[in-house]
Each structure stands twice: as structure tokens, then as C-alpha cells.
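The values are calculated or read from the model by the stated rules, or taken from the named source; none is laboratory data. Quick caveat, the model's predicted, so the values are computed rather than measured. Glycine also receives a Cβ, built like all others from the backbone with ideal geometry; neighbour counts cover every protein chain displayed.
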Amino acid sequence: MNQTEKEIALRQEAVKKSTEAIDKLNDKTQVKANLLKLFKEWEEEDSSDPEASSKKNLDQ
Amino acid sequence: MAAIRSVEEIDPKLNQRFILDSNIVIQFLDKDNLLHDQVRSKMNELFIAGVQFYYPAPALLEIKNYWRLKELHDSIQYAIDNGFNFFSDFQKHFTDIAPMRRRKNRYLNDNDVKELRSLLEKVHNNKGIVRWFQLCDTALKGKMSAIDQTLKNSNIRYTNFGDEEIFLSDEKSEWPKWGTANNLIEKYALASNDAAILNMAFAKRIDGIISNDKDLVFAVKNGAYPSDKLFYTFLK
């Protein structure tokens with residue numbers, strides 16, 4: 001492998017690393033799990049709150 | 001003045017240097033963006049051929065702001081899609097505006113966020129605002145540093161006025177050229193961020209800039225960027 005080929009191989013490796021980093025940034029698995037946990041906490045809070053009726057949900 | 005060319009016309013040369021506008025970096029990073037596949041594929045191809053890409057500080061701020069709005073938008077939408085009901089005025093306003101924003105491949109804007117937050121401020125016992133901050137904390141937690149880390153691990157580099165690779169020593173002493181940036185704002189009514197990013201692309205060691213910003217394309221078409229520089233876009 002000559003110098004040019006070595007440099008190209010290094011850049012290809014950098015692209016691979018870059019692609020992995022972008023995939024990780026876009027992965028929503030954890031944030032979705034955290035959001036669902038938060039929404040559940042809110043729903044439990046509302047169900048035990050007599051003032052929650054003032055929330056006037058759109059589906060009511 | 002520089003000609004407006006398609007990125008398909010780039011003839012890549014080893015160590016050719018391009019400044020990336022914030023919209024290009026956003027499209028490069030955001031897999032939900034309609035131009036993501038096209039931008040990422042082309043940039044990777046050019047990088048492997050030896051082209052070097054740089055994003056300046058004003059672009060980084062825009063990227064983070066975009067991601068803030070995207071995460072907030074997606075999180076509220078995710079809640080509604082999963083059957084959770086927010087306070088009614090808040091939910092109605094969001095469901096009125098969100099589809100319009102997405103039809104244009106956009107997310108909530110700053111004014112939308114202010115309006116949504118103000119609707120929560122009216123909820124009794126401060127409950128709306130408490131939940132707003134809980135939502136922000138959950139949706140955005142760690143996201144800004146994740147962007148920093150992603151960019152660090154990507155094949156595009158951060159640059160600023162102290163960058164010795166980009167700015168020749170004689171240039172450094174006279175940089176930042178606020179006169180040039182001010183002129184871009186005054187003559188072409190460019191947004192200050194756009195002007196600051198284009199200003200960086202005036203450096204002698206920079207070959208050109210890649211942008212999908214229609215305002216920038218318009219300004220360059222009308223003489224905002226010199227003819228010895230290159231301007232490329234993915235826009236048709």
C-alpha cells in the first residue's frame with residue numbers, strides 16, 4: 001500500500017467513525033424511554049389530584 | 001463575483017478547504033432531514049477524495065439551536081402520539097402549528113416555544129411551568145454535549161479566528177474583519193450569523209463555501225462573494 005492509498009484508507013476509517021457518531025446522535029431509544037416514564041408520572045399525579053379536572057383534556 | 005454551482009460540479013482536490021454553512025452541517029447530522037442522505041453521501045465522498053470541511057462558531061450556535069427546537073417539537077409530538085394529553089390550550093396550539101412546520105421540513109420556532117410556554121404559565125399552582133421544565137430536562141438532557149461529541153468524531157472540523165491552519169499570520173492580525181461582515185449585513189440584509197459564516201470563508205486559505213441557504217445564494221448571486229472563491233449548493 002503506497003502513501004496515497006494509506007491516506008485514503010485513513011479517511012475511509014474517519015468516515016466510518018463519523019457515521020457511527022451521527023447514528024448515535026440520532027438514536028432516540030433512551031430519550032423515548034425517559035419521556036414515557038415522565039408522562040406516566042404525570043398521569044399518576046393527575047389521577048390523584050382533584051384539581052386535574054381543570055386540565056380539560058381535548059378528548060373529553 | 002463567485003458563480004453559484006451545484007455540489008455535483010465539485011472537482012475534489014487534496015486539501016481543498018471549504019467552510020460549511022450551518023444548514024449543511026444540520027443536514028449532515030440530522031437523519032430526519034429530507035436532504036440528509038444526499039448531503040452525507042456527497043460530503044463523505046468528497047472527504048475521502050481529500051477535501052477538508054470546517055464549521056465556524058456561529059454555525060455551531062445555529063446547530064444547537066436547531067436541535068433544541070427539534071427535540072422539544074419531537075418530544076411533545078411523541079407524548080401526543082402516545083395518548084398523553086397536555087393542558088388543553090397548550091395541546092390545541094401545538095396541534096394547530098406542528099403539522100404546518102413539519103410540512104415545510106421545519107420544527108417549532110422560537111416564537112412558537114415562547115407562545116407554548118406562556119400558555120403553560122397560566123396553569124394554576126405553577127403546575128404547567130413545572131412540567132415544562134421537566135419536559136425540557138428530559139428531552140434535552142445531554143443533547144448539547146452529544147452534538148459537541150458527534151462533531152468531534154465526525155469528518156468536519158471546528159474553526160475560529162485563532163485557527164493557524166486556516167488563517168495566515170498576516171491575516172490573523174486583521175481578523176475578524178468586522179468591516180466585511182458589517183458590509184454583508186448592510187448591503188445584502190443578511191442575517192448576522194449568515195454574514196459571520198460567509199465572512200470566515202473570505203480567508204485566503206479557504207477555497208469556498210457550501211450552503212443551502214437561499215438568502216446566502218441570493219447575496220452571492222449579487223456580488224457578496226469574490227470571483228476567486230467557490231460557492232456550491234445542493235439546491236436545484
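Figures for the structure shown
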| quantity | calculated |
| --- | --- |
| The stretch B:134-157 - residue that is hydrophobic (A, V, I, L, M, F, W, C) and assigned to a helix (DSSP H, G or I) and, of those, farthest from the chain's Cα centre (by Cα) | B:LEU135 |
| Of all residues making up the stretch B:25-45, the number that are over 10 Å from the mean Cα position of the chain (by Cα) and either β-branched (Val, Ile, Thr) or in a loop (DSSP other than H, G, I, E, B) (or both) | 7 |
| Matching residues, the stretch B:168-202, being modelled with pLDDT of 90 or more, surrounded by fewer than 22 Cβ atoms within 10 Å (Cβ to Cβ) and assigned to a loop (DSSP other than H, G, I, E, B) | B:ALA189, B:ALA191, B:PHE202 |
| Odd one out for B:ALA2 among (1) in contact with a Lys or Arg (Cβ under 9 Å, 6 or more places away or on another chain); (2) within 11 Å of chain A (Cβ to nearest Cβ); (3) not basic (Lys, Arg) | (2) |
| The stretch B:104-133, subset loosely packed, with under 13 Cβ neighbours inside 10 Å and within 19 Å of the chain's Cα centre (by Cα), residue farthest from B:ASP74 (Cα to Cα) | B:ASN111 |
| Pick from the stretch B:218-228, criterion in contact with a strand residue (DSSP E or B) (Cβ under 7 Å, 6 or more places away or on another chain) and surrounded by 19 or more Cβ atoms within 10 Å (Cβ to Cβ), ranking: farthest from B:ARG157 (Cα to Cα) | B:VAL220 |
| Qualifying position, being closer than 22 Å to B:TYR225 by Cβ, out of contact with any helix residue (DSSP H, G or I) (no Cβ under 8 Å at 6 or more places or on another chain) and in the same structural domain as B:LYS42 (by TED's automatic domain parsing), among B:LEU168, B:LEU184 | B:LEU168 |
| Hits in the stretch B:18-39 - residues which are within 16 Å of B:ASN105 (Cβ to Cβ) and among the charged types (D, E, K, R) | B:ASP30, B:LYS31, B:ASP32, B:ASP37 |
| Check on B:ASP215, farther than 29 Å from A:THR19 by Cβ, of a type in the set (Asp, Glu) and under 22 Å from the mean Cα position of the chain (by Cα) | yes |
| Qualifying residue in the stretch B:13-24 (condition: touching a strand residue (DSSP E or B) at 6+ places or on another chain (Cβ under 6 Å), under 28 Å from B:THR138 (Cα atoms), assigned to a helix (DSSP H, G or I) and of a type in the set (A, V, I, L, M, F, W, C)) | yes |
| Filtered residues of the stretch B:15-31 (kept if facing chain A (nearest Cβ under 10 Å) and free of Cβ contacts under 8 Å to residues at least 40 places away in the same chain) | B:LYS31 |
| Residue list for the stretch B:126-150, restricted to those being more than 10 Å from every other protein chain (Cβ to nearest Cβ), in contact (Cβ under 8 Å) with a residue 60 or more places away in the chain and farther than 27 Å from B:PHE87 by Cα | B:MET144 |
| Filter result (among the acidic types (Asp, Glu) and either without any contact (Cβ under 8 Å) to a residue 60 or more places away in the chain or at the interface with another protein chain (Cβ under 9 Å from one of its Cβ atoms) (or both)) within the stretch B:32-66 | B:ASP32, B:ASP37, B:GLU45 |
| Residues that are charged (D, E, K, R), surrounded by fewer than 19 Cβ atoms within 10 Å (Cβ to Cβ) and over 13 Å from B:TYR54 (Cα atoms), drawn from the stretch B:203-217 | B:LYS204, B:LYS214, B:ASP215 |
